[in-house]
1. Does region A:52-62 include one or more residues that are in contact with a strand residue (DSSP E or B) (Cβ under 6 Å, 6 or more places away or on another chain) and not in a helix (DSSP H, G or I)?
2. Just wondering, is there one or more residues in region A:252-262 that are within 12 Å of another protein chain (Cβ to nearest Cβ) and either basic (Lys, Arg) or assigned to a loop (DSSP other than H, G, I, E, B) (or both)?
3. Which condition number in (1) part of a loop (DSSP other than H, G, I, E, B); (2) of a type in the set (A, V, I, L, M, F, W, C); (3) at pLDDT 95 or above is the one that A:CYS220 fails?
4. Does A:ALA244 fit the bill of being more than 8 Å from chain B (Cβ to nearest Cβ), surrounded by fewer than 19 Cβ atoms within 10 Å (Cβ to Cβ) and modelled with pLDDT under 95?
5. Hey, any hits in region B:108-119 for a residue that's under 20 Å from B:GLU231 (Cβ atoms), part of a loop (DSSP other than H, G, I, E, B) and in contact (Cβ under 8 Å) with a residue 24 or more places away in the chain?
6. Which of the residues spanning region B:264-293 are facing chain A (nearest Cβ under 10 Å) and free of Cβ contacts under 8 Å to residues at least 60 places away in the same chain?
7. Does A:MET100 satisfy the condition of being assigned to a strand (DSSP E or B) and at pLDDT 95 or above?
8. Specify which of the listed residues (A:ARG39, A:ARG74) is at pLDDT 95 or above, over 16 Å from the mean Cα position of the chain (by Cα), under 27 Å from A:HIS261 (Cα atoms) and in a loop (DSSP other than H, G, I, E, B).
There are 2 protein chains.
Amino acid sequence: MTSRILVHDVGMRDGLQVERTIVPTERKIAWIERLLASRVDAVQVGSFVNPRIVPQMADTEAVCRHFAGRSSPRTRLTALVLNEKGLERGLAAGIDAFCMGVSASETHSRKNTGMGTEEAATRIIAMARTAVEARASVQLSVQSAFGCGYEGAIPATRVIALIQRFVDAGFDTLSLADTAGHAMPPQVRALFDAVRGAAPDATWACHFHDTYGLAMANACAALEAGVQSFEAAFGGLGGCPFTAVAGTNLCTEDFVHLLQHGGQRADIDVTALNDVACTAEAFFGRPLPGKLHAIPAVEA
Amino acid sequence: MTSRILVHDVGMRDGLQVERTIVPTERKIAWIERLLASRVDAVQVGSFVNPRIVPQMADTEAVCRHFAGRSSPRTRLTALVLNEKGLERGLAAGIDAFCMGVSASETHSRKNTGMGTEEAATRIIAMARTAVEARASVQLSVQSAFGCGYEGAIPATRVIALIQRFVDAGFDTLSLADTAGHAMPPQVRALFDAVRGAAPDATWACHFHDTYGLAMANACAALEAGVQSFEAAFGGLGGCPFTAVAGTNLCTEDFVHLLQHGGQRADIDVTALNDVACTAEAFFGRPLPGKLHAIPAVEA
């Protein structure tokens, strides 16, 4: 671990989106305030998607109104958008950091967006340009980069070709997402090595799900591969509603605990992250899969 | 991964020993039969300890009676013993493969055995010699090798000194156990590199707990470090009653899934392991932490 590792909590989006119990806006705001107090580098506040399809995200504008002007270089408030309508809503809500992605799996792409990978890439790149013109930053991600719940293995060449399109369009904040949780540590190292070859100057992020119990092992492999930014969810909440298997997310506080034992990110307040995980656990009335938040304070 | 990786399921011992609900002997036998059907390399059938302290292990003799003569080079039936009385009982019960260990943590050693590390090592080596004289095989382990719930960090020099004593006494099947789950992947690689330097001809095993969500990541680090044998528990059941934090075990079927995706151990029947995990889950009436067994069969 040579450069500063960045932590991007996406629990308010990728954690909540599959939950059937709607979290009231005031609670979302309180959880985000506590996430910000932890001093992670970025907090994803929600997504601008069809509220009929993802009702949990229907109040993202209201959440953004509360945090207007709070996004800063120290702690970025981000949002996910899937299409032009979402981008328009996000820009209107004052979002200055967008996450957008294209699935390397043709089937996943069609189920998620109604378009195949090629068409989706063209559209996302145009959206990313619109966001940049509006002075927002953009992280472009390849979803299902390590495998797909529908298609199984995804050839690395498909991932590299998508990354090449992003790079050719001038984007350099890039991410590989293991949307369905199929990644294996050796594959993580190999694929990040390969895409870094295609885009040596890019800044890399990653996103892992724990479907097969490998989220943390894959994050460790990504650390070794020089990936700088890690998406994770408080308590390990989450899953993806558009994949066949909905694995939970890499757990933010468990990952931060690892970093801190490696001598990194002592500035992040794990207690604040644990608080959000414990609060969410109480709200949903079931244990969340993360480990650190469940350990009595005297032991942690 | 160059050599054949061995899987040793210890769920019947390290998984069950903390469970308050006693598993009836007939059920234990059924679970062990299914574990044997999975074709893992070794199954720990129980421990010979004080039944007043660990009531769950009170029927280990009865379990052994059922499996008399079933231990073979293909699938070894093992047992844990902590003292001479336990060894005597184990030999009388026909066990031909013993696991014994000494804690590198003075505090953990005293709480677990009433003796400090040095005295415990002398005693364990004498016990190991007795077992070998009785034609049993022995795996000698350093417990709390990566940290301790009571003492915190454990100096690598303490671990290496214990390994040196085992080697000097002529033992070459050795293990490092992360009893409290404090290990970090870089530490796992470094410590195994160090002990292999001290005992280049030994065969190495490892044992990880998921206290901080790192069991699988540590197992991956051990794979990279050339460790050959992996102790794990079906469903990820378990924890250690003698440490301050009782983390669950590395999950056998999740680890086997990783191996199989790496092109290894296609001969192990993951379905049989999943069966035991699902059966134990139903018996204890709560979800176990392993992932694979909870995925609908069509998806796995």
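1. no
2. The answer is yes, given that some residue of region A:252-262 is within 12 Å of another protein chain (Cβ to nearest Cβ) and either basic (Lys, Arg) or assigned to a loop (DSSP other than H, G, I, E, B) (or both).
3. All conditions are met except number (1).
4. no
5. Looking for residues that are under 20 Å from B:GLU231 (Cβ atoms), part of a loop (DSSP other than H, G, I, E, B) and in contact (Cβ under 8 Å) with a residue 24 or more places away in the chain, one finds none in region B:108-119, hence no.
6. Those that are facing chain A (nearest Cβ under 10 Å) and free of Cβ contacts under 8 Å to residues at least 60 places away in the same chain: B:ARG286, B:PRO287, B:GLY290, B:LYS291, B:LEU292.
7. On the way: assigned to a strand (DSSP E or B): yes; at pLDDT 95 or above: yes.
Here the answer is yes, as A:MET100 does meet what is asked.
8. On the way: A:ARG74 fails: at pLDDT 95 or above.
After applying the criteria, what remains is A:ARG39.
The values are calculated or read from the model by the stated rules, or taken from the named source; none is laboratory data. On a predicted model such as this, the values are computed, not experimentally measured, just so you know. Positions of Cβ are generated from backbone atoms using ideal geometry, with glycine treated the same way; all protein chains shown enter the neighbour counts.
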